[in-house]
Each structure stands twice: as C-alpha cells, then as structure tokens.
Amino acid sequence: MATDIPSFNIPTLEQMYIDSCKRRDVLPNTEILSGFFKAEVKKSCNELCSLEIILDHLKDIDVPPLLDVCATIETSEIEAVDIRNGPSCSLNGECALSLMRAFNQKLRAVDLQDSPFGKDFLRELSQRGLACQILNLRSSHFRKLNMAGKFMQIHTLNLDFSTSLTSFLEDCFTCMPNLICLSMCETRVANLWTTISALSKLSCLVELRFQKWLCNDSASPSASSGGNLEDQPDVGLPISCTDIGEQLTDIEEETYLNPGTDEAFRNLFSFNNIAINQPVQSMMEDSSDDSEVDFSSNWREFGYTDLLANFSSGWNRQVNLQNEVSSGASLNQKEESLTGSFGRHIADVPLKYIPRHASPICFEKHYREYMIASLPNLKVLDNLPVRKIDRERAAVTFSQYFEYLPYNRKHKESVVSILHKREIKETRSHIQSKNQKISYSHGNSQYFYTRSLGAAKVGSSAWPFLHSLSVSGCDLGDGSRSFRPRQFEYHPSLSSLMVFGTLDGEVVVVNHENGKVVRYVPSLGAMNSVLGLCWLKKYPSKLIAGSDNGSLKLYDIEHLPPTVTGRYLGAGSITFDDFDQLTSVHINSTDELFLASGYSKNVALYDINYGRRIQVFTDMHREHINVVKFSNHSPSIFATSSFDQDVKLWDLRLKPIRPCYTTSSSRGNVMVCFSPDDHYLLASAVDNEVRQLLAVDGRLHLSFDIKPTGSDQNYTRSYYMNGRDYIISGSCDEHVVRVCCAQTGRRLRDISLEGKGSGTSMYVQSLRGDPFRDFNMSILAAHMRPNSKYEIVKVNLLASCDNAKGYSKSQDSCPSNSMGG
C-alpha cells in the first residue's frame, strides 16, 4: 500500500550531502549545513519545512555536491526550497541556474533582485523557464521582455524598478498559465497596445501594478472597518496620478493599500510589501548595452528574511509595516478619499492616496480605463480594487476614446472566415431572381470586405512589422554609400517609388520595395539640407526639390544618372529663383504652378512651364510660414500654416490679399494638409494639438485627444492614411506614432519606435501614409543622440513582426528642428 510519508528525512539528506562532498574532495559548506538544521527546526515547530539557500554563501565548487542531493529532496521531508541572491554573490550564473532547475517542483520562491548575473543568464532564464512559484526580478536589466519559457507553476512575478524595460516581445508570457500577480512599477513600459496584447495571454491575472497608490497618512483620518466593495457607494477613483504626483513627492514612508478582498492573495505580493529601514538608492543611468537585456541601476527596498517568514506562515498573516493600515481601516479610508474620478480637478478631492514609482504607461490618457476594459479578470490595478462600477465606466470610456479594431469592427475574425463569408454572399447573389431588388446595406458596400480583411490583419497582432529602409546600389568606388535622409515623399502614381532628400543636399529616388536606388542627384555644393520635395502628377518622371539655402530645382528622373557613378552635368533639371530659408514646396493639381514658403511671412508662386517666379505674396501671416499646401483637386486653392497660431485658406483667383478664412490653434502651427478628397484640412500645432477642419469654411470638425508633453519644442506633424479614413501623428520629442480614426477621433494604435540598446530613444521627424497600401506608412525617425543620422522606417500594420525581433536597428541621428513637413 502506497504511503504519503517521504522517503528521506532531513538528517539523511544532510549526511548524503556530506558524503558527496567527501567523494568530490570538497569541504561541506557551513551555510548549507545550517540550512538543513533550520529546516529541521521548522519541522519540529510544525512550521512549513523549507530549505533556504543563499547564493551569496556559495562558490562554484559547492554546487556539484548539492546537485547530488537535489533529486533526493524531491522525495524528502522538505516541502519547499527558497533561493535568493545577495549583494556579494560570486557564483557563476550557469551554476546558479543548474541549481534552481535541479530542485524542480519543490522550488518555491526565487529572489534574484539586483542579480549580479549577466545577460546570458537572464536570456537563458527567460527562454527555458523555471519551476518556481514566486519569482523576484526586481531591478533586472531586461530591455525587451521575452519570458517565453515554461513557467508553469509561477503565480507571482516582480519586475519593479527594471528601468531598462521598455516593451514586450510577442511571445512573452505565453507559458504562464497560473500567473496571478504581476508588478512592473517604475519600468519604462509605455505602449498600451503591446502591453495589453502581452498581458492578455495571462488568463489568471488578477492583480497588476505599474504604479503604487499609497495612503497619505497626513490626509487620512482614522476609520473603522468597511463592508463589501461591491456594496460601497459610488465614490469614484483618486485623482489622476499626473495631477497629484508633482505635489506630494516628499512622503518618505510607503503604506501598502490593502483592498481587503483576499488577504492571502494580497500577501503574494510580499516582495513589494516588506520595507526595510533604509532609503531607496538613487538610480544610475542606463548603460548602452545593445542586447535585449540591459544593465543599469541597483535598488534595495525590500528585505527577504521577513518575506520567507511571511511565506512560512502560509501567506495568511498581515505584513507588519510601520505605517500599516488594517484591511478594514484601509477600505474605509479608501471610500472616504476616493471622491472624484480620474481627471477631475485636484482641489475637488482630498489628497489621501498618492501614486509612487509610476511607469510611463500610467501617464497615458485613460490608462486605468483602458487596462480595466481590456483585462476582464483583473480585480486589483495599482493597489486599487476594480469594482463593478469601475468596469462600467471603463467600458464607456474605452468606446468613446479607443477603437478596438479598424473600421469599428467589434469582434476579431480570421481572414479565412471573412473570405468564406464573401464567397457565400457572392454565391447567393448569383442565384437571386432578376426581378428581386438587392438591398445595398453597409455590408454590401464595395469596401466592406476590403476593410474587414484589413481589420482582421491589424487585429491579429499588436506588433506591426517595422524595418529600416536599407538603400543599396550607390557605389562610390570606396564602398557602399550611406545617406542621411531629411525629407521624403511617396510617388503619387508609381507605387514602388519614393524620393528622399538628405542633410547633405542629395536627392535620391529609390524603389522602397527592394531598397534599390533608381536615380541619384549629388549635392555638387549647391544645396544644403533638402526640406521640400513634391512630385508632379501628370508628369510622373518630374519632381521639385528645395533646400534650406533657398535653392529650387525641377528634376526629370528620366534624364538623371541611375547611380552616383554616373556623371551628372545638370541635364534634365530646371533652376528657379531662390526662396531664402525655404521649408516647404508644393505643386498644384494641374502641374502648372508651385508654391514655396519658409522662415518668412511670405509665399512665392512659381510657373513650372516657364521656369520662373510669378509673384511673391507678402505678409500673409504674422510669423513665419512653415508649410504651404495646394488642394488636391482645385488648382487655385491653397492653405498656409504658421507659427502665429493661424491656418489660412487662400484662392489665387482672388489675388490673395485676404484669406478665404482664418482658423486658429492655441499654439504655433507646424503643418497643414488637405484630405485626399479635399473635404477636410488637417492642422497640426506644437505639442500634439491636432485638429480636423471642414475645408469649405474652416469650422472645427474634430479635435484629436492626444496628450501634450508640455514642451514648446515638440513639433507635431500629421497626415492621412487609408485615404481619409485614418490619421497618423508624430512629434519630434516623442518616439510614438499615433493612429486615430479620422471620423471619430478614437485611437486605434500607438506605434513605438525603439533604438537598439538603452539611451537610444528615437523621435519622429516626419511621416507619410502609403497612398497605395492600406495601414502602411513610412516614418522619418532619428535617435536622440548627438551627431547621429535620420533613417526612414517602414511600418506595415497588416503584418506582424518576427516573434523574436522587433525593430531595433541602431543608427545615428541628428538634432530635431521645426522646419518642413
């Protein structure tokens, strides 16, 4: 008859360890012997019989004898094994991993806070997994998290203060079916969409933290216990962390906010709940490591001894904090203090809870509502309970400000399913009677299935395919030429062509599908940075290029040499009168005229056929005119955007002395463009003020809800994508491109640009939607490092990036500026 009594007792294990040491001619490690003794004491006191191993106390030679005993521990009296490292660990990372894996199912808690092990250790741990239940990776050096290994037993994961962590790879969290608690305070995670896509794989996730809402004792009166959370009156939520975080930064003690809904569950986060009596150390700057793991700061906030004592009690005792609040008192205080909703004015709410250690994602507009609406099983977010009324509000907010799928599709569908439905519909339509009237509803529209297929592909992954446009075919004789693009434009009728101008005054026509240079114009010392480019529509081989030194030329690419090895003598080009400090050029719909604007209050009109300047319109604005754009269909209508905060519409037939109308932004306008059908004007002002106007009279049609940064140097540019269905918007102080519905303003997706390695953040200099491919765009991006280059990044929202790689190509970049569109 089978018995549940373990085969080996602790003295037997200890003797086996000593014998193994003798065989290997190694002295027994006194700390390991002490660990066996403490386990025996716990057993005699009817406590959880756990073996604690401190890696600081081990050397590489101590590991093999201990490994000999590990298999036996599986069938011994020892119920759990806890492993932790300390500040002076000298153990080899490979040995440490072997030891952790050898304990197999008995492995309970692994504390690798401030781990001294290298990136190979973290990569191996992430890719192969671990059998522990609790894993503490505080202050780890991940940059892109890809915990795709098997962590089948883990229920608690701590990644707090991993200050290099910016994002998740697509396979992250795929093998964590039992993860309940996840904490990522003070990381650099910022993208709502990729974060939710990764977290949605965690079907059991109940508690999540990207920041800590903590009790401000000076503002909280004593209170008695409260009742059920669901029965509490509607008191809303604390004020936005962005409002109060700046005003209450001097509170040193942190009090964990226990919602009182599941005390045992709450204590699973003990890695973060137990404070020690020393201040948090200052964080060091990130290193420039260019791998998927980074090495940066050292944090020490929570002790481990108390943690194991708490575990030994079955995780059912309340953590003893200096500023502890009982579950009942904290609940009552919460109900008294949560008297406003996120976004209400700070003066309306008692400041009894403050956010600490917030990751950037917390500062996104409607962050809390988005997370709650996207994670239906979540019960606690950032230490605050998720109540029924919170979910109701989150659903309303999500539907108002976010688009779940493109074209307002409500449910994800596979491409195969959509094609099958289309075939069935077409088959039925063929057998309909000729006399039967067909009803053309929205589902029968010519765009319905195209849009449905697009929505299915975009919805299949939150990680779009991004890659740098790698240009080849320009051989100078001493190696391949690298370019520094500063402006670019898709060809309006040839889907494979793009032209870009460089910081060195070159004009390069490239096949952006294969990266091959089609035509090349060297600078010849005549041009500086090329800021203005525009293709002719009726003559697809011709384009206008303008530089910041005022030079203006028309090129016919049929008469240009294919590579820099061809000798360029100026054939196939026409030179126009200079326009000093030029920032923008644009051609009208009939290819007869073009306009130029720049660092002046004037706009110049040129005749393309005669190659001359016709007129200069003076004092059209009170400050310089950054961008001028003709309409797409009316050859005499054009719009100007200026840093005087005005956007104006003009008509050449009226000899533009007065504008047709003027509309104003609250800040200087960086650019303006017409929608492809000329129905709207899209105006972009400094720091994410993006507005859609009715082109006929300038009335506001839609204001896009994009959070400002507070910088008056954050130059924002926006263009249309998918015809006029969506707009894409990016700014030169931010590494994010936002995709919004042009009809509702709802946000579909944010696309994050990330350089390879820490300290290589990127920014958006310019961008364009691909006129031939839905949900495709190109971004002129640069790294925030001195003396570094721009690069053109192609983005395809319909395709998913490689599971193992995001966009991480490291380049140099140049400083941003406000010139051009």
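The values are calculated or read from the model by the stated rules, or taken from the named source; none is laboratory data. Model, not experiment: these values are computed from the prediction. We place every Cβ from the backbone using ideal geometry, glycine too, and count neighbours over all the protein chains shown. Just the protein is used for accessible areas: all its heavy atoms, side chains included, with ligands, DNA and RNA removed. Shrake-Rupley method; radii C 1.70, N 1.55, O 1.52, S 1.80 Å.
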Output the residues belonging to segment 574-607 that are under 21 Å from residue 537 (Cβ atoms), assigned to a loop (DSSP other than H, G, I, E, B) and either open to solvent by less than 10 Å² (accessible area, probe 1.4 Å) or free of Cβ contacts under 8 Å to residues at least 40 places away in the same chain (or both).
-> 588, 591
Give just the number: which of (1) within 23 Å of residue 705 (Cβ to Cβ); (2) more than 23 Å from the chain's Cα centre (by Cα); (3) of a type in the set (Val, Ile, Thr); (4) at pLDDT 95 or above does residue 346 not satisfy?
-> (4)
Regarding residue 658, is this residue of a type outside the set (A, V, I, L, M) and either on the phi > 0 side of the Ramachandran plot or in a strand (DSSP E or B) (or both)?
-> no
Mind listing whichever residues of segment 97-155 are in a strand (DSSP E or B) and at negative phi?
-> 107, 108, 109, 110, 111, 134, 135, 136, 142, 144, 145, 150
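Yes/no per residue for (1) in contact with a Pro (Cβ under 7 Å, 6 or more places away or on another chain); (2) in a loop (DSSP other than H, G, I, E, B); (3) at pLDDT 65 or above:
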residue	(1), (2), (3)
758	no, yes, no
774	no, yes, yes
779	no, no, yes
792	yes, no, yes
798	no, no, yes
Matching residues in segment 715-742 (surrounded by fewer than 24 Cβ atoms within 10 Å (Cβ to Cβ) and aromatic (Phe, Trp, Tyr)) number 2
Considering residues of segment 665-714 that are among the charged types (D, E, K, R) and surrounded by 20 or more Cβ atoms within 10 Å (Cβ to Cβ) only, the residue farthest from residue 588 (Cα to Cα) | 687
Could you count how many residues in segment 55-90 are within 15 Å of residue 110 (Cα to Cα) and aliphatic (A, V, I, L, M)?
-> 4
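Go through segment 5-56 and count every residue that is part of a loop (DSSP other than H, G, I, E, B) and of a type in the set (A, V, I, L, M, F, W, C).
Initial filter on segment 5-56 (part of a loop (DSSP other than H, G, I, E, B)): 5-7, 9, 24-29, 45-49.
Now restrict to residues that are of a type in the set (A, V, I, L, M, F, W, C): 5, 26-27, 45, 48-49.
Here the count works out to 6.
If we only count strands (runs of 3 or more DSSP E) wholly inside segment 697-741, which ones have 1 or more residues that are more than 26 Å from residue 794 (Cβ to Cβ) and free of Cβ contacts under 8 Å to residues at least 40 places away in the same chain?
700-703
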Residues of segment 77-101 that turn out to be open to solvent by 10 Å² or more (accessible area, probe 1.4 Å) and out of contact with any Asp or Glu (no Cβ under 9 Å at 6 or more places or on another chain), as a count = 3
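Kindly provide the set of residues from segment 16-57 that are open to solvent by 90 Å² or more (accessible area, probe 1.4 Å) and under 16 Å from residue 68 (Cα atoms), ordered by number.
Filtering segment 16-57 for residues open to solvent by 90 Å² or more (accessible area, probe 1.4 Å) gives 22-25, 27, 30, 37-38, 46-47.
Hits for segment 16-57 are 22, 23, 24, 25, 27.
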Return a yes/no flag: does segment 61-76 have any residue that is under 19 Å from residue 149 (Cα atoms) and either part of a helix (DSSP H, G or I) or acidic (Asp, Glu) (or both).
-> no
Condition check for residue 643: within 27 Å of residue 555 (Cα to Cα) and either of a type in the set (Lys, Arg) or touching a strand residue (DSSP E or B) at 6+ places or on another chain (Cβ under 8 Å) (or both) = no
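Does segment 528-545 contain any residue that is at pLDDT 90 or above, assigned to a strand (DSSP E or B) and open to solvent by 20 Å² or more (accessible area, probe 1.4 Å)? Walk me through it before giving the result.
Quick first cut of segment 528-545, residues at pLDDT 90 or above only: 529-545.
Filter again for assigned to a strand (DSSP E or B), leaving 530-535, 542-545.
Going one step further and asking which of them are open to solvent by 20 Å² or more (accessible area, probe 1.4 Å), we end up with 542.
Yes: one or more hits.
Restricting attention to segment 614-657, which residues are over 37 Å from the mean Cα position of the chain (by Cα), among the hydroxyl-bearing types (Ser, Thr, Tyr) and within 21 Å of residue 676 (Cβ to Cβ)?
Initial filter on segment 614-657 (over 37 Å from the mean Cα position of the chain (by Cα)): 614-622, 633-637, 650-657.
Filter once more, keeping what is among the hydroxyl-bearing types (Ser, Thr, Tyr): 618, 634, 636.
Of everything in segment 614-657, those that are over 37 Å from the mean Cα position of the chain (by Cα), among the hydroxyl-bearing types (Ser, Thr, Tyr) and within 21 Å of residue 676 (Cβ to Cβ) turn out to be 634, 636.
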Could we say that residue 71 is open to solvent by 10 Å² or more (accessible area, probe 1.4 Å) and either more than 20 Å from residue 123 (Cα to Cα) or charged (D, E, K, R) (or both) here?
-> yes
Qualifying position, being open to solvent by less than 10 Å² (accessible area, probe 1.4 Å) and either touching a residue at least 12 places away in the same chain (Cβ under 8 Å) or under 30 Å from residue 366 (Cβ atoms) (or both), among 104, 158, 178, 146 = 158
